[in-house]
1. So, counting K/R as plus one and D/E as minus one, what does the shell of residues with Cβ under 10 Å around ILE53 add up to?
2. How would LEU37, LEU26 rank on accessible area, largest to smallest, probe 1.4 Å?
3. Among SER3, SER28, what's the order by accessible area (1.4 angstrom probe), most exposed first?
4. With every protein chain left in place and a probe of 1.4 Å, what is the accessible surface of PHE7, to the nearest 10 Å²?
5. Pop a pseudo-label 7 angstrom from the Cα along the beta-carbon direction at both ARG120 and PHE7 and give the gap in nm to one decimal.
6. Once ligands and nucleic acids are excluded and a 1.4 Å probe is used, how much of THR24 is accessible, expressed in Å² to the nearest 10?
7. For ILE43, what accessible surface area do you get with a 1.4 Å probe? Give it in Å², rounded to 10.
8. Protein chains only, probe 1.4 Å: how do TYR98, TYR77 rank by accessible area, largest first?
Amino acid sequence: MCSPDLFLGLLAILFPPLPVWVKTGLCSADSIINILLCMLGYIPGLLHSWYIISKFPEVYEYDPVPQDSEGGGRVTYVFVQPERQPQPRPVSSPQPNYGSTGTNGHNRSASAGPSSEEGRAPPTYAEAVKGDHKVQTQD
């Protein structure tokens, strides 16, 4: 039994004619027999429903796999991976980029201060606020 048949078996517990209708059709002889058995009692209708589910198993329309010449039924695993294209390496800049979006330090504005010189690291926080003696008030 496969999972659709197990689901129909559980569905038969709730309403026995429904799986019979799914398997054989609404106006079939099995459907009429199941309805009459349900009128006689719940258990006969349930047993008949389970019988119909097991009599007509779910069919799958898969293509049969041809056997290999050895007849051993071996399985061959083939791993398919996309071909890796070599990615171009970025041209190394003489200065680290530090997160700017400019093109390797070219197009920087002149107002960047002392850090715009070639080869110099950005200033530390202490250097940046060295001459800043502003008084902040809680107005």
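The values are calculated or read from the model by the stated rules, or taken from the named source; none is laboratory data. Source: prediction; values computed, not measured. Neighbour counts run over all protein chains shown; Cβ positions are idealised from the backbone, glycine included. Note: accessible area is taken over every heavy atom of the protein model, side chains too, but ligands, DNA and RNA are not part of it. Shrake-Rupley method; radii C 1.70, N 1.55, O 1.52, S 1.80 Å.
1. 0
2. The most accessible residue leads, giving LEU26, LEU37.
3. Per-residue accessible area, sorted high to low, gives SER3, SER28.
4. Approximately 130 Å² of PHE7 is accessible to the 1.4 Å probe.
5. 7.2 nm
6. Answer for THR24: close to 40 Å² accessible.
7. Here the accessible area works out near 100 Å².
8. TYR77, TYR98
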